[in-house]
1. Ignoring everything but the protein chains, give the 1.4 Å probe accessible area of Lys109 in square angstrom, nearest 10.
2. Relative to the longest principal axis of the C-alpha atoms of the chain, give the angle of the C-alpha long axis of helix 184-198, reported between 0 and 90° and rounded to the nearest 10°.
3. Under 20 Å from a label point 7 Å along Cα→Cβ of Gln239: give me every residue in the range 254-278 with its amide N that close.
4. So what is the 222 nm mean residue ellipticity for the chain from helices alone, if each DSSP H run of at least 4 adds -39500 (n - 2.57) and you divide by all residues, rounding to the nearest 500 deg cm²/dmol?
5. Taking a label point 7 Å from the Cα of Ala198 along the Cα→Cβ vector, which residues of the range 249-280 have an amide N closer than 17 Å to it?
6. So how tilted is helix 213-223 from the main axis of the chain? Cα-based, degrees 0 to 90, rounded to 10.
7. Return a whole-number percent for the relative contact order of the chain, with Cα pairs under 8 Å and 6 or more residues apart as the contact set.
8. Find how much the distance from Arg156 to Lys83 grows on full extension, using 0.36 nm per residue of separation minus their present alpha carbon separation; answer in nm with one decimal.
Amino acid sequence: MNSHDVNRRGFLKTVGAALGAGGLLGGCSAPTPRGSDLSGRTLTVFVYSGLDKIFEDLFAKPFEAKTGATVVLDPGWEDSIAKLKTSPKGQPAFDLVLTDATQGYPAIKSGMFRQIDFNKVPNHKALAPGALDNWVAKERYGVTFHESAMTLAGNRKQTGRPLTGWGDLMRDDLRGKIALYEWFYMSLYTFACMKAAADKKPGSAHQMLTDDIGSVLDFAKRERDRVRFWWPTGPKMLQDLLQGNFAAGNAHSVTMLQMPKDKIDTVGFTTPEADRAFVQLMWVIPADTPNADLAEAAIDFLLTKDVQAAMAERGAGTSHVEAAREVAKENAVWAQTYPSTDEQFRTMKYFPYEAYFKDWDQIKKTWEQEILRKS
């Protein structure tokens, strides 16, 4: 496992800790008669550690009541793919897996996951089209959805005026006072946002990385001295920000949305509309599971409005249009972070994973050898 696998684990741990905190903030649909074809069967589901409690409350218990099936939640970090690879043929470790694009894309392309019968997941139609506008969903290998927006955060005492956009990280008074995430899928995108602002072309970061990723890498090399240090996990970033160890930088939205309210005078944050990007998560089904139909029923249940709204009320995003609108009405800060309007869903973008995967190894090498560390 390389250092950036650990860093991705840090992000997943942040999400798990954030969404798993607090009490149950929403109900699920009333139980329906048990389906005879699902009753008595067992579904093993991989979820990120820290999310097992929320999935137990919002998914496992009500799904068991509805279907008569038994749900076994198996939490972990990066181990789902490794466990599937070592499973006996026809006996995969999991029947349903929650994963992200950095792991999911290669695993799908290597044949580890099967195509989903979307006719058996009718609730996918309630999701914003933009959430499914990628090859994974188009080729029916998974149901994709957005999570954790890249957020601009700052210590109010050090930044002075409020931060409003990624161009603020180019301010002379903040040079050498910035902290960015170690993992390049996010922070190379932050550099692209900074370059777009410097070029007076806000909103062009995603296209810039798609068309000319080399220019962004060169920009990152030139401007890397603006960065004081690279943070490994959301909790560590927030601790340093609150202590004034850096002035401003990027952050996971789930970290900032779960920040104690009594710290709001110390820390400010915003998720700029221009160049907004999200982590891509996905539900996928192992190729040789004998419980594909049960897994599809589970995905469909997870995509119900009530489950999606309850997840969002804990700081997650949701691609379920009606659920998003409902939560946005009640939570203004959430509404300023995640899409809820037709226009926001239409323009929603994931991080440019496809551009990264075109030359992943070389980007990673350049990032680690020439940006994270001075040459």
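1. The value for Lys109 is about 150 Å².
2. The two axes meet at around 50 degrees.
3. 254-264, 266-268
4. -10500 deg cm²/dmol
5. What the label zone holds, given the 17 Å backbone N cut-off, is 249-250.
6. Here the helix axis deviates by roughly 50 degrees.
7. That works out to 26 percent.
8. 21.8 nm
The values are calculated or read from the model by the stated rules, or taken from the named source; none is laboratory data. Predicted, not measured: the structure shown is a model, and the values here were computed from it. Positions of Cβ are generated from backbone atoms using ideal geometry, with glycine treated the same way; all protein chains shown enter the neighbour counts. Accessible surface areas use protein heavy atoms only, side chains included; no ligands, DNA or RNA. Shrake-Rupley method; radii C 1.70, N 1.55, O 1.52, S 1.80 Å.
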